[in-house]
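Have a look at the structure below before the remarks.
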Amino acid sequence: MPSNRCWSATCRAPSGPARASTPTHRSSASSWRPGARGAFTRALLAAGAVGSPDLLLRSRIANRSGQVGRNLHLHPAPIVAGLFDEEIHAYRGIPQSYYVDQFIDLARDPHRGYVLMPISGFPVLTAINLPGFGRDHFRFLREYARTASLLVLLHDRSAGSVEPGPSLARPRIDYALEADDERQLAEGLAHASQLLFAAGARQVVVPYLDAPLVLGRDDDLGAIARRGVRQGEIPLASTHPQSTCRMGGDPRQSVVNAFGESHEVPGLFVADMSVFPTSARRRRSPRRRSPTAPRITSSSAGASSRASC
C-alpha cells in the first residue's frame, strides 16, 4: 500500500456500531488520526472469518450478493488421547511434523474426508480437553507425561453463519454438523484410536463429556460409532474458521474476486481465511504404500505449504 494513502474503520462507542469508512478522497497518512473519516483508494480488511464479515455487515457494504457471513466452515476436530506405559512428553519438539491423509481423496470425492494429526498442549490446555471433574479429572491429568493425542481434522461440508451481535466482541455464530460429517468424525476417532494402539498405547480415551469412553487394546472400537459424535456431547476444537467472504468469479454467488477485491466496492481487498470458497483441504500426493498400512507423511516445519493445517 502506498505510504501516502490510508484507510480506517471507525468504532463509535459506546452507543454506535462499528462502521467501515467509504472511499471519497485521498487521505494523507501523516494527517490521518484514529476515528477519522479520512477515505482511501485502497483498503485491506483482514479481521478473520468472524471479524471481517461482522464489520462488513455492520457497515452495510460489499454484500449485494447476500453471501457475507454465510458459508462458515470450521474444520471441526475431536480429540482422542492415548495412554502409554512410558513417558512421552508429547509437548516437546515439533508437535505436528507428521499427519495421516489416507482418509481424504479429493480426486474421488472433493466434498468429504479428514486428516489425522497429532495434537499436544501444556497442562492447562490439556486439562480443558480431558473429561471428568474432581478426582475423575485428576485421574486422567496425572497421566499427562504418558499421554499422546490425535485429532480428526474434518474437511467439513457443514456450513454456518456469522452475524453482528451486541458488540464486536460478541458476534453471533451459528454452526451445526450435518449427519454425514458426524459419521466421518466418529470413523476418524476409531482410526485414530487404532493408530494409537499400533504405536503402543495401553488405553485410549474418547473424551465424551458424560461417561468418557475408555478402551483397551482388545476392546471393540465399534463402540465409538455407536456413541457417535454430536455437538454438546464431546469437545470439538476449531482453529480454522473460513469461507464467510468467499472468493469467486460470479458476483451473485461470492464476495470477492480472484484477487481478493470486493465485487461491489472497488479498492476494498479482503486478505484472510474468509475468502476461501470452501473448507480448505489438500490433495493427496501419489506414493507407493501398502494397501492396508496407514499413510503417514512427514513435513518440514519451515517448508510445509498445506492449506488445511
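Every number in this text was worked out from the coordinates using simple rules, so none of it is lab data. Just so you know, these numbers come straight off a predicted model, no measurement behind them. We place every Cβ from the backbone using ideal geometry, glycine too, and count neighbours over all the protein chains shown.
Observations on the model:
- FRET efficiency for residue 161 and residue 128, using Cβ-Cβ distance with R0 set to 25 Å, rounded to 0.05: 0.45
- Mean projection area, nm², convex hull over Cα of segment 102-152: 4.7
- FRET efficiency estimate (nearest 0.05) - Cβ-Cβ, residue 86 to residue 217, R0 22 angstrom: 0.90
- Of the GluC sites (Glu not before Pro) in segment 61-147, the ones in a loop by DSSP (not H, G, I, E or B) with at most 12 other beta carbons within 10 Å are 86, 87.
- A crude spin-label estimate for the pair residue 199 and residue 97, with each label 7 Å from Cα along the Cβ direction, gives 1.3 nm.
- With the largest listed first and rounded to whole Å, the semi-axes of the equivalent ellipsoid of segment 194-249 from the Cα gyration tensor are 32, 15, 10.
- The distance linking segment 68-105 with segment 118-168 is 11 Å (Cα centroid to Cα centroid, whole angstrom).
- As a proxy for reagent exposure, 75, 89 were ordered by neighbouring Cβ count within 10 angstrom, fewest first; the result is 89, 75.
- Contact order normalised by residue count of segment 101-227, Cα under 8 Å, 6+ apart, percent: 22
- Whole-Å distance, taken between Cα centres, linking segment 222-277 and segment 175-197: 21
- Cα-based shape type of segment 113-219, given that a ≥ b ≥ c are square roots of the gyration tensor eigenvalues and the cut on a/c is 1.5: oblate
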